[in-house]
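Please read the structure below before turning to the comments.
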Amino acid sequence: MTSPAADFAPFSKTHLLGISDLSPLDIENLLDRANAWADRNALPDNKHAILRGRTHINLFFEASTRTQSSFEIAGKRLGADVMNMSVSQSSVKKGETLLDTAVTLNAMRPDLLVVRHHGSGAVELLARKVANCAVINAGDGSHEHPTQALLDALTIRRHKGRVQGLRVAICGDIAHSRVARSNILSLSALGAEVHLIGPATLMPPAIERMGVKVFRSMEEGLEGCDVIMMLRLQRERMSGAYVPSSREFFHYYGLDAKRLARAKPDALVMHPGPMNRGVEIDSVVADGEQSVIRDQVEMGVAVRMAVLEALAENLDRTKDNRKPGE
Ligand code: CP
C-alpha cells in the first residue's frame with residue numbers, strides 16, 4: 001500500500017520540538033496527513049513499508065503509557081525498526097548526562113528519535129547534538145507536548161468538522177501543563193477561542209498575552225463551550241501545595257454533569273490522560289456520551305504516523321542535497 005503523503009505538500013521542518021515552531025499551514029499539513037492515516041488505520045491491512053530500513057528510537061526519561069506505546073505502534077506500522085530506551089529518572093543528571101546520551105545515540109545512527117524528558121528545553125538541546133536524525137518532542141517538562149496538541153486538534157476536527165471559530169475550555173492545572181501550552185498555541189493558530197479555567201495558583205502569570213481568556217469559575221468559563229479539555233494536577237512538577245486538597249479541588253474545579261451542562265449540549269469532553277477520577281473529572285462525565293477520550297488515544301497513533309512519515313521524507317531530502325562524502 002502506498003503512502004498518503006504523495007497527496008500533501010512537503011513538511012519543511014527537520015525536527016518537531018514544539019507547536020511554537022509551526023505555522024498554521026504546517027499544523028494543517030500534519031493534521032491532513034494524520035486524518036488520512038486515521039482513515040487507513042481503520043482498514044484491515046494497516047502495515048506499510050514507508051520507514052523500512054529506518055531506525056526509530058523512543059528515549060523516555062519520564063513515565064508514559066499513551067505516548068510511548070502509540071509512537072511504538074506508529075513506527076512499527078510504518079515498517080521502522082523501533083527500539084524503546086527507558087531511562088530511569090533517578091539515574092539521570094541534566095546537562096552532562098544528556099550530552100553523553102547524545103554521543104551514545106549518534107553512535108547508534110538513529111533516523112528518528114522520540115524524546116520525553118522532565119526538563120523544559122532538554123529535547124531541543126538533544127536535537128542540537130544529534131546528527132542526521134529527526135528529533136520529536138514527546139513532552140519536555142512543563143514546556144510543550146506537540147503531538148498531544150495535534151491529536152487533540154485532529155479529534156476535534158473529526159467530530160466538529162473544523163477548529164476555526166470553536167470555543168475551547170482548558171481546565172485545571174494550566175501552570176504545570178505542557179499539554180495546555182501546546183494546545184493554546186495550536187488551537188489559537190487554527191482560529192479557536194481559548195478559555196483557561198483554574199485557580200490563581202495554577203494559572204501562569206500574564207498568560208492572557210497568549211490571546212486566551214482566563215476564568216476562575218468553571219461555571220463562567222464553560223458557558224457556551226464546544227470543547228472541554230480537562231487536565232490532571234501534575235504533582236510531579238509541583239514543589240509545594242498548590243491546592244488545599246483533592247476533594248476541595250474537585251468541589252471547585254472538577255467536571256461533573258451539572259457543570260458540563262453549562263457548555264453547549266453537544267460539547268466534547270477531552271482528557272489527555274492519565275485521568276484522576278473524582279479529582280478533575282467525574283466518572284459519569286469521563287465515561288459519558290460526550291466523552292471522546294478514547295478517540296484521542298486512537299488519533300494519537302495516526303498523528304504519530306503522520307509526524308514520523310513527514311520528518312522521514314525531510315531526512316531523505318536533506319540527504320539527497322548532501323554533497324558526496326559529506
Ligand atoms: N497524554 C500523555 O502524554 O499520556 P502519557 O503520559 O501516558 O504518555
- Selected residue (criterion: least open to solvent (accessible area, probe 1.4 Å)) from residues of segment 290-304 that are of a type in the set (Val, Ile, Thr) and closer than 20 Å to Ala257 by Cβ: Val292
- Can you tell which of Glu72, Glu28, Glu62 is over 28 Å from Thr97 (Cα atoms) and of a type outside the set (Lys, Arg)? Glu28
- Query: Of the residues that sit in segment 105-148 and are of a type in the set (Lys, Arg) and free of Cβ contacts under 8 Å to residues at least 40 places away in the same chain, which one is least open to solvent (accessible area, probe 1.4 Å)?
  - Reply: Lys129
- Query: If you go through segment 164-178, how many residues are out of contact with any strand residue (DSSP E or B) (no Cβ under 7 Å at 6 or more places or on another chain) and buried (at least 24 other Cβ atoms within 10 Å of the Cβ)?
  - Reply: 2
- Message: Going by what's in this entry, would Gly211 be described as under 22 Å from the mean Cα position of the chain (by Cα) and surrounded by fewer than 21 Cβ atoms within 10 Å (Cβ to Cβ)?
- Response: yes
- segment 254-287, subset of a type in the set (A, V, I, L, M), surrounded by fewer than 17 Cβ atoms within 10 Å (Cβ to Cβ) and not in a helix (DSSP H, G or I), residue nearest to the ligand (Cβ to nearest atom): Met275
- Query: When you scan segment 144-161, how many residues do you find that are away from the ligand (no atom under 12 Å from the Cβ) and among the small types (Gly, Ala, Ser)?
  - Reply: 2
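The values are calculated or read from the model by the stated rules, or taken from the named source; none is laboratory data. If you're wondering where the values come from, they're calculated on a predicted model, not measured in any experiment. Ideal geometry is used to build each Cβ from the backbone, glycine not excepted, and the neighbour counts take in all protein chains shown. Side chains are part of the model used for accessible areas, which takes the heavy atoms of the whole protein and leaves out ligands, DNA and RNA. Shrake-Rupley method; radii C 1.70, N 1.55, O 1.52, S 1.80 Å.
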